[in-house]
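The values are calculated or read from the model by the stated rules, or taken from the named source; none is laboratory data. Everything quoted here is computed from the prediction, not taken from an experiment. Quick note on the areas: whole protein, heavy atoms, side chains included, nothing else; ligands and nucleic acids left out. Shrake-Rupley method; radii C 1.70, N 1.55, O 1.52, S 1.80 Å.
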Amino acid sequence: MASRGLSYAISRIAGSSCMRFRSASSLSDISRQCGRSWGAIRSYAVAAEVDEEPIKPPFDITYTKLLINGEFVDSASGRKTFPTVDPRTEEVIANVAEGDVEDIDRAVKAARKAFDEGPWPRMSSYERSKIIHRFADLIEKNNDELAALDTLDSGKIYDQARLIEIPLVTRLFRYYGGWADKIHGMTLPVDGPYQAYTLHEPIGVVGQIIPWNFPMVMFSWKVAPALACGNTIVLKTAEQTPLSSILAGKLALEAGLPPGVLNIVSGYGPTAGAAVSKHMDVDKVAFTGSTEVGKIIMQSAAQSNLKPVTLELGGKSPFIICEDADVDQAVELSHFALFFNQGQCCCAGSRTFVHESIYDEYLEKAKDRALKRIVGDPFKSGVEQGPQVDEVQFNKVLGYIDAGQQEGARLLTGGARFGRKGYYIKPTIFADVQDAMSIAKDEIFGPVQSVTKFRTLEEVVKRANNTDYGLAAGVFTKSLDTANTLSRALRVGTVWINCYDIFDASVPFGGYKMSGVGREKGEHVLKNYLQVKAVMTPLVNPAWL
């Protein structure tokens, strides 16, 4: 990575997992340095062109049912299931219980009873903290299995999941385990002989809907702060990636979480997801996913019981490479910003703005880097890019690639399916992209980089902000003045300067405009899961006011 920030973040979370990372230029370097996956790349040609038997991780899939009121159960419709598919092979991994409206209702009733009558909101915050910390310990103990399930379900790089994502999940649960006994109100000075104070109370039954691109990370972003605040939960997993969340539910029970506090229902958005957002006994909804679905959820929440909603939605993030940039470093960092996780990242740096003075050099080197990107089985050490999550996403990305060519963008490399089996797409770069093109405006969510040139800072600020989204941005420059100017001018929730995709439990994340409502992580997210109550009592003959 061009930025030492990513190397620092990785070294913090991986620690002893692979001794010590050198200055890694990409996630593939991390894989090669650690080399603990179950296969190895012998050459690019082997990784790229030969159809080999996919690697099978040494874990059995045991948990595929719904978790309701502390028990794993079949769907109410009578053993109704849906398949979860391995995107490497297009074959079924397992059949998972399919939750529907009735199952969501069962889960909400269990969560309501656990909140109104159960021990969770009534035990001391310190006791809740200890359970959350035990949960974190069990996630850490089962790190590799959780990572393997996410790779099986989504096609993400196994070393990425094992060394980065699941350790981040563990860290986040420990972070909010620490917050559990530090949530408190305030005593307020008021005019007159009265005592006034506030109580910060759990909001109640929380409905949470998570996406498929980072299953366990999104699980932790939603579940950990809600538990720390004393709420009970109904979580709807993405139908593409249910397996790791179900196993995590089992670990939560093992940690001592009372029945009904965490209920997990796998199912489809139009049925189970809609039932969560419409349910009259759900007190709050949190959703991460597309902007289009976010609008539907907000509407459903308003039309039901006017429940509050937090939304972490789509993005079309600019990555701005300034005139003074080291081109080699800029190529590597912008490559990571877009192609990380197969491009399936809400904050992907998918609009690359390059200063005109280095534009041609950048294009040549960016193309060379993309051609060297290793695509293959994500369980193999050294592979940088796995398949897209499913056939729907695969076809969507290919459709945008066709649109880019039809609209006149210049295809530098890629632009087609990779291999004969699985949902693999060649790393794709378009040059000379115009702002009105669909590949410059729409969230593609795939390995497609759109590159355009700019002349002045005033121009690039205007163009970067000319979007419906405002989730994140990257700035690559040696000038502190330029960094300060752009970081304040860009209308986004996160600006990474000379780094990208650096996340920490303490740092809030969320967007401007149609990229969402509210913030995840840090202290900020706690407000999403609390009610503030003001209490006033008269004072008789007070010694002071």
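Quick one: helix 125-141 against the long Cα principal axis of the chain, what's the angle to the nearest 10°, folded into 0 to 90?
30
So who's got an amide H within less than 5 Å of the one on Thr237, skipping anything under 5 residues away but keeping other chains? H placed 1.01 Å off N, in plane.
Val265, Ser266, Gly267
In whole percent, how big is the carbon plus sulfur part of the accessible area of the range 350-488, probe 1.4 Å, protein atoms only?
Heavy-atom surface of the range 350-488 belonging to carbon and sulfur, 1.4 Å probe: 46 percent.
Per-residue HN-Hα couplings for the range 338-346, Karplus 6.51 cos²θ - 1.76 cosθ + 1.60 at θ = phi - 60°, whole Hz, x for Gly and Pro?
So the Karplus estimates, Gly and Pro as x, are 9, 8, 3, 6, 6, x, 8, 9, 4 Hz.
Determine the share of the range 154-306's accessible area contributed by carbon and sulfur atoms, expressed in whole percent, with a 1.4 angstrom probe. Write down the numbers at each step before the final one.
Working: 2780 of 4580 Å².
Answer for the range 154-306: carbon and sulfur cover 61 percent of the accessible area.
In square angstrom, what is the accessible area per residue of the chain with a 1.4 angstrom probe?
Details: 22000 Å² over 545 residues.
On a per-residue basis, 40 Å².
How large a share of the accessible area of the range 496-545, in percent, is made up of carbon and sulfur atoms when the probe is 1.4 Å and the other protein chains stay in place?
Working: 1720 of 2820 Å².
Here carbon and sulfur together make up 61 percent of the probe-accessible area.
With percent of Cα pairs over 36 Å apart defined as stated, name the option among (i) 53; (ii) 50; (iii) 33 computed from the structure displayed.
(iii)
Which of the lysines could be linked to Lys56 by a straight reach, that is with a Cα gap under 25 Å, when you skip same-chain ones fewer than 8 residues away?
Lys65, Lys141, Lys156, Lys250, Lys380, Lys421, Lys426
Take every DSSP beta bridge with both residues inside the chain and express the antiparallel ones as a percent of the total, to the nearest 5. Write out the running numbers ahead of the final one.
Values: 30 of 70 bridges.
Just about 45 percent of them are antiparallel.
What is the set of long-range amide H partners of Tyr512 at a cut-off below 5 Å, with H atoms built 1.01 Å from backbone N?
HN-HN under 5 Å from Tyr512: Gly470, Leu471, Gly493.
Give me the angle, in degrees from 0 to 90, between the Cα long axis of helix 215-228 and the longest principal axis of the Cα atoms of the chain, rounded to the nearest 10.
Orientation of helix 215-228: about 20 degrees from the principal axis.
Can you tell me the mean projection area, over all orientations, of the convex hull of the range 439-545's alpha carbons? Units nm², please. Intermediate results must be reported in sequence, preceding the final value.
Numbers: hull surface 47.2 nm².
Its Cα hull, projected and averaged over all orientations, spans 11.8 nm².
What is the angle, in °, between the Cα long axis of helix 480-489 and the longest principal axis of the Cα atoms in the chain? Nearest 10 is fine, range 0 to 90.
60
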